[in-house]
Amino acid sequence: MAPSLFCKLALGALAIPSAAFAIPAPATFGGRVPGETAPVNTRAPSIKILIGNDDGWAEANIRQLYADAQQAGNDVVLSAGAKNGSGSSSLNIAFGPVQDAEYDSIPDGAPQAGFNQTDPRLNYFNGTPVAAIDYGLKELTKKFWGGAKPDLVLSGPNVG
């Protein structure tokens, strides 16, 4: 199906020769046309997003979601488990120092909570997925947003 005329105009794909219309330039007053409104920002405002999952902080899918949300202009913080926590349901349990982190992404004996050295907004918490989000809400919001709560909490995407 061919795009509608409206879609072509909206996307700027329809070229109309300027000679087809004989519209004189409008008079301006102080650089503005009478009745013209101020420019409107059509880009959505940046929102604060906290991201977690049940597969762990080093999983490729959550890292891609983080990157995409940042690229869209949002203020994003990731708080996920040090290892895969699938199947832990709504348990909110902290485990203490890290042992056997996912993909060896954290050395054994590392503190219960930490972050990526090249991007401090990528955070792990050694506990269940609920505990990692709870950590993000209680601690990381203070660090990155002065205690303000996120506008949105995203969980996933999930590997399984």
Of all the residues that make up the range 84-111, how many are open to solvent by less than 70 Å² (accessible area, probe 1.4 Å) and either under 20 Å from residue 160 (Cβ atoms) or among the acidic types (Asp, Glu) (or both)? 6
Give 78, 91 a once-over and let me know the one that is in contact (Cβ under 8 Å) with a residue 12 or more places away in the chain, part of a strand (DSSP E or B) and within 15 Å of residue 55 (Cα to Cα). 78
Right, residue 60: among the hydrophobic types (A, V, I, L, M, F, W, C), free of Cβ contacts under 8 Å to residues at least 40 places away in the same chain and open to solvent by 30 Å² or more (accessible area, probe 1.4 Å) or not? yes
Residue 114 being open to solvent by 70 Å² or more (accessible area, probe 1.4 Å), of a type in the set (Gly, Ala, Ser) and out of contact with any His (no Cβ under 7 Å at 6 or more places or on another chain): no
The one condition in (1) on the phi > 0 side of the Ramachandran plot; (2) of a type outside the set (Gly, Ala, Ser); (3) assigned to a helix (DSSP H, G or I) that residue 100 fails to fulfil: (3)
Within the range 117-143, residues open to solvent by less than 40 Å² (accessible area, probe 1.4 Å) and farther than 14 Å from residue 78 by Cβ come out as 126, 127, 128, 131
Of (1) assigned to a helix (DSSP H, G or I); (2) closer than 13 Å to residue 58 by Cα, residue 140 satisfies every one except (2)
Does residue 158 satisfy the criteria of being out of contact with any helix residue (DSSP H, G or I) (no Cβ under 6 Å at 6 or more places or on another chain), touching a residue at least 12 places away in the same chain (Cβ under 8 Å) and not in a helix (DSSP H, G or I)? yes
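The values are calculated or read from the model by the stated rules, or taken from the named source; none is laboratory data. Keep in mind that this is a model prediction, so the values were computed, not measured. Cβ coordinates were reconstructed from backbone atoms using ideal geometry, including for glycine residues, and neighbour counts include every protein chain displayed. Ligands, DNA and RNA are excluded from the accessible area calculation, which covers all protein heavy atoms including side chains. Shrake-Rupley method; radii C 1.70, N 1.55, O 1.52, S 1.80 Å.
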